[in-house]
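Inspection log for the structure reproduced underneath, given as structure tokens.
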Amino acid sequence: MSHKPTERVLNILNLLSVNADGLTLTEISKAISVPKSTLFPILQTMTDMNYIQLGKDSFRYKLGISTFCIGSSYSQDEYMLEFAKSIMKNVVTEIKEICQMGVLEGNNVLYVLKEEPEVGLDIRIISRVGKRLPAYCTALGKALISNYDIEEVKKLYPKGLIPYTENTITDFDILNNQLLTIRKEHIAKEYEEITKGLCCYAVPLESNGNVIAALSVSVPNFRATKEKLNLITELLLDARRQFGNVNFK
């Protein structure tokens, strides 16, 4: 059972982290479905403690210096992300498709990094840095929960697996078989389960024996030839090996 006041504070921080231009009280209220009368004292306290700041002229809230200090102190993760970026850039250079990195947040994938080819591609994907999507219907998510047994997965989704497209896996037994395959082959696959016309391959990234993130490549169906999917698999498995060779302690 989540603690509502704490949840509201975290929702505000998450929301502002993906809105660099800031948001007004009304916009935040609508985005997290909290009345302005309830929200204002929370924002005031966060402003007083410098976790957020309020523009004097724009009346828009943005992240503050205290949030920056906390983020900066997490230098280990900063190094990990920079290392991941370099790997992702190499993957994109080779495959000319979108590469993304995600971490597990509750029962969702939180997208933390994205690399795109220099030449724009004529595809639209719903994921972006800062976005959250259900783990069970994304390749990144399946990679992230690949070490979970099916009872643990069911606890993540007590209301069942909700379909987003006609291809979304909604049967726990089918999902479990996929997770067993990922454990053996280290490749997670998703075909139009979250976005029509798009497939995605992903690998779990491990550190000290724990899955801490996942890396994916998305490709539209019309470019998803057998040769390209084989190359994606090869590049992702190589990226996984590179990541596994580094100790992030």
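The values are calculated or read from the model by the stated rules, or taken from the named source; none is laboratory data. Predicted, not measured: the structure shown is a model, and the values here were computed from it. In this analysis, Cβ positions are derived from the backbone assuming ideal geometry, glycine residues included, and neighbour counts consider all displayed protein chains. These area figures cover heavy atoms from the full protein model, side chains too; ligands, DNA and RNA do not enter into them. Shrake-Rupley method; radii C 1.70, N 1.55, O 1.52, S 1.80 Å.
Overview of results
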{"read-out": "In degrees, nearest ten, helix 226-244 long axis to first principal axis of the chain (Cα)", "value": "60"}
{"read-out": "Entries in LYS114/LYS155; LYS114/LYS226; LYS36/LYS62; LYS85/LYS196; LYS89/LYS196; LYS89/LYS228 that, when Cα-Cα distance is taken, lie over 19 Å", "value": "LYS114/LYS155; LYS114/LYS226; LYS85/LYS196; LYS89/LYS196"}
{"read-out": "Nonlocal amide H pairs with SER207, under 5 Å, H built at 1.01 Å", "value": "ILE212"}
{"read-out": "Relative contact order (%) - criterion: Cα under 8 Å, at least six apart; region: the chain", "value": "15"}
{"read-out": "For the stretch 150-162, 3J(HN,Hα) per residue [Karplus equation, 6.51 cos²θ - 1.76 cosθ + 1.60, θ = phi - 60°, Hz, x = Gly/Pro]", "value": "5, 5, 5, 5, 4, 5, 5, 10, x, 8, x, 9, 7"}
{"read-out": "Residues whose placed amide H lies under 5 Å from that of THR24, excluding near-sequence neighbours", "value": "TYR61"}
{"read-out": "Kirkwood Rh (inverse of mean 1/r, distinct Cα pairs), the stretch 170-225, angstrom", "value": "12.5"}
{"read-out": "Accessible area of PHE83 in the full protein assembly, 1.4 Å probe (Å², nearest 10)", "value": "40"}
{"read-out": "Apportionment of accessible area to carbon and sulfur, the stretch 123-249, percent (1.4 Å)", "value": "49"}
{"read-out": "Descending principal axes extents, the chain, alpha-carbon based, whole Å", "value": "56, 39, 38"}
{"read-out": "Gaussian network model of the chain, springs between alpha carbon atoms under 10 Å - residue of ALA213, ALA188, ALA224 with greatest fluctuation", "value": "ALA224"}
{"read-out": "Residue-normalised accessible area of the stretch 174-249, given per residue in Å² at a 1.4 Å probe", "value": "49"}
{"read-out": "Solvent accessible area, Å² - GLU227, 1.4 Å probe, full protein context", "value": "130"}
{"read-out": "For TYR79, solvent-accessible area (1.4 Å; no DNA, RNA or ligand), Å²", "value": "120"}
{"read-out": "Isotropic mean projected area of the C-alpha convex hull, the stretch 104-249 (nm²)", "value": "9.1"}
{"read-out": "From phi via Karplus (6.51, -1.76, 1.60), per-residue ³J(HN,Hα) for the stretch 204-217 in Hz, x at Gly/Pro", "value": "x, 10, 10, 9, 6, x, 10, 6, 10, 6, 8, 10, 9, 10"}
{"read-out": "Amide H contacts of VAL112 (H built 1.01 Å from N, under 5 Å, at least 5 apart or other chain)", "value": "MET101, GLY102, VAL103, GLY130"}
{"read-out": "Assigned charges on the beta-carbon of Lys, Arg, Asp, Glu; the stretch 100-202 dipole about Cα centre (debye)", "value": "260"}
